[in-house]
Amino acid sequence: RWNIADTYIVENDTASALATLEPLTAYPALRRQTLTQQADLLRADKQYDRAIVLYTQVIAAAGTPVKADWGVFYARAICYESLKAWDKAEADLKTALQLSPNQPEVLNYLGYAWADKGQQLDQAYASIVRAHSQTPDDPYVTDSAGWVLYQLGYFDKAVTLLEQAVQQLPADPTINDHLGDAYWQVGREHEARFQWERALKTGDELDSEAVARIKDKLKDGLAKKQARTSPLPEVTTD
């Protein structure tokens, strides 16, 4: 059944893959693995509500969570965040880090979410620095590092990292958008508009709010912010 389900997954037939796996949930030795795979399929298919139900069943059945359970809490957090239930997502991400403190995926996800919301920026910076120290070649983590520096007001440093992120992943609309914002704050306005236009051209994945926000920036620019000159806080990456 696993092989059959894999075939359906390759064909993007989520319903058939789920149905193929369902009988395996009747076997106690296979139930956790099967429920988790079904939940992962639903998450990939953006059926977040249904995925949360299954992840919650996995968590409940495990009893007291152990280190290996961090991934289930992380996956459920992604679903909650996608449904704009940030308080629940944040709680799951913190639990995942309590179970396994140095997971770069979780450190980056939590830190970026805080930075993007303009919340707990010092904690966001520390979290992202720890992730970036482990995965310096990951463009999404490099983007997070640049974006949290932007939010903190270190615009020159933000430009350096966001340029690296764009080099690592040139066609990502969010990274190009972030670099445009950073360019604007350091007075490179022509380059900022180029990056915003590039974000729109590569932005099939952008939602309507993001598209409207970028179009507004192309029209009116951004309000200038005061740059910070104080030293960055030290972060232990061990």
Quick one: what are the phi-derived ³J(HN,Hα) couplings along segment 212-219, Karplus 6.51/-1.76/1.60 with θ = phi - 60°, whole Hz, x for glycine and proline? 5, 5, 5, 4, 5, 5, 5, 7
Can you count the Lys pairs in the chain with C-alpha separation below 22 Å, eight or more apart or on different chains? 22
Given contacts defined as C-alpha pairs under 8 Å and at least six residues apart, what's the relative contact order of the chain, whole-number percent? 10 percent
Which ³J(HN,Hα) values, rounded to whole Hz and listed in residue order, are derived for segment 58-74 from phi using the Karplus coefficients 6.51, -1.76 and 1.60 in 6.51 cos²θ - 1.76 cosθ + 1.60 with θ = phi - 60°, glycine and proline given as x? 4, 5, 5, 5, 6, x, 5, x, 10, 3, 5, 7, 4, x, 5, 5, 5
Quick P(r) readout (segment 100-184; Cα-Cα; 5 Å bins; whole %) gives 3, 19, 29, 26, 17, 4, 1, 0
Compute the accessible area per residue over the chain, keeping the other protein chains in place, probe 1.4 Å, unit Å². 53 Å²
Largest first and in whole Å, what are the equivalent-ellipsoid semi-axes of segment 111-238 based on the Cα gyration tensor, each being the root of 5 times an eigenvalue? 23, 16, 13
Expressed in nanometres to one decimal, the distance between label points 7 Å along Cα→Cβ at K201 and A68 is 4.9 nm
Collect residues whose amide H, placed 1.01 Å from N in the peptide plane, falls under 5 Å from the amide H of R228; neighbours closer than 5 in sequence don't count. Y154, F155
What full-extension length gain, to one decimal in nm, is calculated for K46 and Q226 as 0.36 nm per residue of separation minus the Cα-Cα distance? 60.9 nm
Under the Karplus curve 6.51 cos²θ - 1.76 cosθ + 1.60, θ = phi - 60°, whole-Hz ³J(HN,Hα) for segment 154-169, x wherever Gly or Pro sits: 8, 5, 4, 5, 4, 4, 4, 6, 5, 5, 4, 4, 5, 5, 6, 9
Grab the alpha carbons of the chain, take their convex hull, and tell me the volume per residue in Å³. 139 Å³
Relative packing of peptides 176-182, 28-34 - highest average C-beta neighbours within 10 Å first: 176-182, 28-34
Report, to one decimal in Å, the Kirkwood hydrodynamic radius for segment 189-238 based on all distinct Cα pairs. 13.4 Å
Mind ranking E234, E197 by accessible surface for me, highest first, 1.4 Å probe? E234, E197
To the nearest 10 degrees, how steeply does helix 173-185 sit against the main Cα axis of the chain, on a 0 to 90 scale? 30 degrees
Roughly speaking, to the nearest percent, how much of segment 115-179's 1.4 Å accessible area is carbon and sulfur? 47 percent
Largest first and in whole Å, what are the equivalent-ellipsoid semi-axes of segment 142-193 based on the Cα gyration tensor, each being the root of 5 times an eigenvalue? 15, 13, 8
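The values are calculated or read from the model by the stated rules, or taken from the named source; none is laboratory data. Values in this document were obtained by computation on a predicted structure and should not be read as measured data. Neighbour counts run over all protein chains shown; Cβ positions are idealised from the backbone, glycine included. For the accessible areas, the whole protein counts, side chains as well, though only heavy atoms, and no ligand, DNA or RNA atoms are used. Shrake-Rupley method; radii C 1.70, N 1.55, O 1.52, S 1.80 Å.
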